[in-house]
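Data block below; observations after.
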Amino acid sequence: MRGVKAAVYYETGVPDVLRYEDVPDPVAGSADVLIEVEAISIEGGDTLNRAGGEMPGRPHIVGYQCAGRIRAIGAEVTDREVGQRVVATMLWGSHAELVAVPALLTWVLPEGADVVAAACVPVPFGTADDCLFEFGRLTEGETVLVQAGASGVGIACLQLAKRAGATVLATASSDERLARLHVLGLYHGINYRTEDFVARARELTDGRGVDLVVDSVGSTLAGSVAALAYRGRCTLVGNAGRDPQPFDAGALMGGNLTLVGVLLGADILTERVRAMIGRHLADVAAGRLQVVVDRTFPLAEAAAAHAYVESRQAVGRVVLLP
């Protein structure tokens, strides 16, 4: 009997390193659940890891997040049942037909929830919430600039910030991508290919600057800090730009500015984050928040899906379907 199909690679590199192959069935430990995967959200970290991240073994199955139906539960698991639909996060392994994960890293889907939408919730919406509120301290009436506004985290930030009563600015690589964001809460978009985003952000705030920047790009950090108002805050949450730039921390002092790094995974097992992600899943299921899925690909075409993500054409998430 063959194992399960998965998108694997034997060395890191460009999307074409991905292969669609049989792998052994994963084995669920006593605290785990075994999930038949129905939808896989390609996270930004997935492409970064494939390009040059650590490989615990060969072949390696990349992937932070997926949703599906529980096939089996470990002996110590008391709050999950076979047949339940769940969304799960993990260090790796989502790009497969079957995955074993700790039950603590799963959320039961609300009744009637769309499994594809649910597969895209925990990491993007949890990260956005932490960047805006837990660490960004955003309050009603403030202005926030969201770098990479058309990304999964960006789209979550737009909606959560708008709902909190903030004015939302965002950057993206084209006017077409920005145009699709206004219905989600965008006040003004900045095309970073044709405009100086620092100058434009200051112009849009009458020279004052923004109260908060959410920066998932990394290479834009110096500009993000330069766009801040006095006592502004910047939450740094990734390196999607893949081109680290030197940053002079002294730039923070003149304006009494705050720079804080954010990693959702560091708090993922806390009651605070588990409850927060549960609320976002409920809001998505009820239509109070939107998940935007740009395209779906068969799991067999994972290489093409990763290439599409890296082309920076997508608005929202790209999803793999086993």
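The values are calculated or read from the model by the stated rules, or taken from the named source; none is laboratory data. If you're wondering where the values come from, they're calculated on a predicted model, not measured in any experiment. Glycine gets a Cβ as well: all are built from the backbone with ideal geometry, and neighbour counts include every protein chain shown. Heads up: the accessible areas ignore ligands, DNA and RNA and are worked out on the full protein's heavy atoms, side chains in. Shrake-Rupley method; radii C 1.70, N 1.55, O 1.52, S 1.80 Å.
Quickly run through the range 20-55 and pick out the residues that are assigned to a strand (DSSP E or B) and touching a residue at least 60 places away in the same chain (Cβ under 8 Å). Before the answer, list the steps.
Kept after step one, since they are assigned to a strand (DSSP E or B), are these residues of the range 20-55: 20-23, 32-41.
Tyr20, Val23, Asp32, Val33, Leu34, Ile35, Glu36, Val37, Glu38, Ala39, Ile40, Ser41 - these are the residues of the range 20-55 that are assigned to a strand (DSSP E or B) and touching a residue at least 60 places away in the same chain (Cβ under 8 Å).
Of all residues in the range 161-186, count the ones that are free of Cβ contacts under 8 Å to residues at least 60 places away in the same chain, open to solvent by less than 50 Å² (accessible area, probe 1.4 Å) and in a helix (DSSP H, G or I).
2
Give Gly223, Gly152, Gly141 a once-over and let me know the one that is of a type outside the set (D, E, K, R), without any contact (Cβ under 8 Å) to a residue 40 or more places away in the chain and in contact with a helix residue (DSSP H, G or I) (Cβ under 7 Å, 6 or more places away or on another chain).
Working: Gly152 fails: without any contact (Cβ under 8 Å) to a residue 40 or more places away in the chain; Gly141 fails: in contact with a helix residue (DSSP H, G or I) (Cβ under 7 Å, 6 or more places away or on another chain).
After ruling out the rest, the residue left standing is Gly223.
Residues in the range 1-60 that are acidic (Asp, Glu), at pLDDT 95 or above and surrounded by fewer than 21 Cβ atoms within 10 Å (Cβ to Cβ): how many?
6
Cβ-Cβ under 9 Å, sequence separation 6+ or interchain: first residue in the range 259-282 and assigned to a loop (DSSP other than H, G, I, E, B), partner among the aromatic types (Phe, Trp, Tyr). Which pairs?
Val262/Phe135
Which is assigned to a loop (DSSP other than H, G, I, E, B), of a type in the set (Gly, Ala, Ser) and under 30 Å from Leu281 (Cα atoms), of Gly189, Gly255, Gly238, Gly207? Explain how you work it out, then say what you get.
Working: Gly189 fails: assigned to a loop (DSSP other than H, G, I, E, B); Gly255 fails: under 30 Å from Leu281 (Cα atoms); Gly207 fails: under 30 Å from Leu281 (Cα atoms).
None of the others qualify; the one that does is Gly238.
Given the criteria outside any strand (DSSP E or B), buried (at least 23 other Cβ atoms within 10 Å of the Cβ) and more than 22 Å from the chain's Cα centre (by Cα), does Ala75 qualify?
Against the criterion (outside any strand (DSSP E or B), buried (at least 23 other Cβ atoms within 10 Å of the Cβ) and more than 22 Å from the chain's Cα centre (by Cα)), Ala75 does not qualify.
Pull up the range 202-219, narrow it to residues that are among the hydroxyl-bearing types (Ser, Thr, Tyr) and under 18 Å from the mean Cα position of the chain (by Cα), then point me to the one that is farthest from Val146 (Cα to Cα). So that I can check it myself, show each step before the final result.
At the first step, the residues of the range 202-219 found to be among the hydroxyl-bearing types (Ser, Thr, Tyr) are 205, 216, 219.
Within this subset, residues satisfying the condition of being under 18 Å from the mean Cα position of the chain (by Cα) are 216, 219.
On the way: Ser216: 8, Ser219: 14 Å.
If we take residues in the range 202-219 being among the hydroxyl-bearing types (Ser, Thr, Tyr) and under 18 Å from the mean Cα position of the chain (by Cα), then Ser219 is farthest from Val146 (Cα to Cα).
Quick one: Asp211 ticks every box in (1) surrounded by 23 or more Cβ atoms within 10 Å (Cβ to Cβ); (2) under 27 Å from Asp294 (Cα atoms); (3) in contact (Cβ under 8 Å) with a residue 60 or more places away in the chain except a single one, so which number is it?
(2)
Can you find, within the range 112-148, the residue that is most open to solvent (accessible area, probe 1.4 Å) among those that are in contact with a Gly (Cβ under 7 Å, 6 or more places away or on another chain) and under 20 Å from Ala201 (Cα atoms)?
Glu140
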